[in-house]
1. Could you tell me whether region 64-82 includes any residue that is without any contact (Cβ under 8 Å) to a residue 12 or more places away in the chain and surrounded by 15 or more Cβ atoms within 10 Å (Cβ to Cβ)?
2. Given A35, A42, which one is open to solvent by less than 40 Å² (accessible area, probe 1.4 Å) and in contact (Cβ under 8 Å) with a residue 24 or more places away in the chain?
3. Tell me which of these D26 doesn't satisfy, since it passes every other one: (1) over 25 Å from G68 (Cα atoms); (2) modelled with pLDDT under 95; (3) of a type outside the set (G, A, S).
4. Name the strands (runs of 3 or more DSSP E) wholly inside region 19-83 in which the number of residues that are under 18 Å from V4 (Cα atoms) is 3 or more.
Amino acid sequence: MKPVRTCVGCRARASRSSLLRVVAIDSTLIPDERAAMPGRGAWVHPTLDCAETAIRRRAFVRALRVSGSPDAQTLIDHLQRNG
């Protein structure tokens with residue numbers, strides 16, 4: 001049985017292998033492709049639609065328990081390059 005996670009963007013459940021883990025380091029959203037970085041992680045489909053929805057709904061702020069508005073440019077750049 002594969003681990004299942006919920007996308008913070010669209011709120012759909014999917015296998016862990018089909019989602020991208022995102023962590024916050026110094027209020028910057030960093031994609032964690034290997035899902036091995038320390039700290040809290042939020043899972044999102046690796047699409048711009050889901051990431052932008054999560055940013056707009058402030059889902060990363062709640063899931064990662066960060067204060068203020070995190071810088072999502074690194075995450076957006078990663079998603080544009082890969083996909």
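The values are calculated or read from the model by the stated rules, or taken from the named source; none is laboratory data. Note that the structure is a prediction, hence the values are computed from the model and not measured. Using ideal geometry, Cβ is built from the backbone for each residue, glycine included, and neighbour counts are taken over all protein chains shown. Ligands, DNA and RNA are excluded from the accessible area calculation, which covers all protein heavy atoms including side chains. Shrake-Rupley method; radii C 1.70, N 1.55, O 1.52, S 1.80 Å.
1. no
2. Details: A35 fails: in contact (Cβ under 8 Å) with a residue 24 or more places away in the chain.
Answer to the check: A42.
3. Of the numbered conditions (1) over 25 Å from G68 (Cα atoms); (2) modelled with pLDDT under 95; (3) of a type outside the set (G, A, S), the odd one out for D26 is (1).
4. Hits in region 19-83: 20-25, 42-44.
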